[in-house]
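One structure below.
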Amino acid sequence: MENYFCQKVDLRSRAAMVQFLTSHFRYNTMNSWNNSTSYANNVKVNRIIPREHQDQAYNLLEQEAVFHHIHVLFSEWAEQYHYRWHAGFNGRSGGYIVLYQGQAESPKSGPKSYCLECGQHNFKLVPPENPTPEQRLILLVHQNQTWRDAVIYENNEELIKNLGFEREAALAIFAAEKRKISQGAGEFSSSNKCGKCHAPARVNYETPPTRFNIFPVRSTDMGEDFHSEDWDMESLRDRVRLVQSFDQLCDQVRALFIAYCKDYRVEEVEVMVPQKRKILKPVEV
Ligand SMILES: [Zn+2]
């Protein structure tokens, strides 16, 4: 891949690193009136795409598939930084890629299950299909959350004894589960039904997806004094490596875009759209 944005920097030289960081292209993180900027690159077609591919490139700007591919690159890159750093398009018609700050959310607060039919997330777990005796007790707590533990026991005494639990053991399991619920974890819904499309198709995540926040108003190193004591050589190197890696990501985006220009053409096709309308029909006699 051609190094278009990415530059070599002498990581032994303080002056070279400061020079690189302070002279790097910057752009607004939101609007010009927010006065908040970060490291960025200009990725306008007329700037980064060779002349012979530019017409094709403008057509590709309307293709969702291309941008989906680019966003996969962005999210893989952010994952490397545990979502502390993100890349995103900004500017009128998205002509710039900007380095954003962000933060991963605790997986505890994320969705626990999702619908196989429509993809809808759910913050509760699907109850187990063949629950163990202990899980049966845990489900009792979820089905009767407003009841006191002793009441849950009394109302289900027979069942609980048949499952092989003494009163004390059952109450201990109830208490532990209620503690988990109050901490926002491990709550079961009553069935695997999806709340959106109502299909009985919800399944639990094996590894819940990481959710993150991006802080679009936060500037990065705006007017930063890299000569101050806070910036020792190691912190400077880390920051240079981050920006170099961001530049490399922008090079990947550019290479991907050029590859699409070479390997695909945008064609116009006619599509037949099924349509419903109401018509008049004589009554049959
Ligand atoms: Zn659904």
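Table for the structure above
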item	result
Those residues of region 96-126 which are in a strand (DSSP E or B), under 30 Å from ASN28 (Cα atoms) and open to solvent by 50 Å² or more (accessible area, probe 1.4 Å), in sequence order	GLN103
Given (1) under 17 Å from CYS115 (Cα atoms); (2) away from the ligand (no atom under 16 Å from the Cβ), index of the condition LYS178 fails	(1)
Hits in region 1-53 (condition: closer than 22 Å to TRP85 by Cα, open to solvent by 60 Å² or more (accessible area, probe 1.4 Å) and among the aliphatic types (A, V, I, L, M))	MET30
Any chance PHE212 is aromatic (Phe, Trp, Tyr), within 30 Å of ASN90 (Cβ to Cβ) and crowded, with 16+ Cβ neighbours inside 10 Å	yes
Residue satisfying condition, being open to solvent by less than 50 Å² (accessible area, probe 1.4 Å), aliphatic (A, V, I, L, M) and touching a residue at least 12 places away in the same chain (Cβ under 8 Å), within set ALA199, ALA169, ALA176	ALA199
Within region 34-78, considering residues that are of a type in the set (Val, Ile, Thr) and assigned to a helix (DSSP H, G or I), the one nearest to ARG254 (Cα to Cα)	ILE48
Test for ASN192: is it open to solvent by 70 Å² or more (accessible area, probe 1.4 Å) and either without any contact (Cβ under 8 Å) to a residue 12 or more places away in the chain or within 16 Å of the ligand (Cβ to nearest atom) (or both)	no
Selection status of ASP221, away from the ligand (no atom under 16 Å from the Cβ) and on the phi > 0 side of the Ramachandran plot	yes
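The values are calculated or read from the model by the stated rules, or taken from the named source; none is laboratory data. Nothing here was measured: the structure is a model prediction, and the numbers come from that model. Positions of Cβ are backbone-derived with ideal geometry, glycine not excepted, and every protein chain shown enters the neighbour counts. Just the protein is used for accessible areas: all its heavy atoms, side chains included, with ligands, DNA and RNA removed. Shrake-Rupley method; radii C 1.70, N 1.55, O 1.52, S 1.80 Å.
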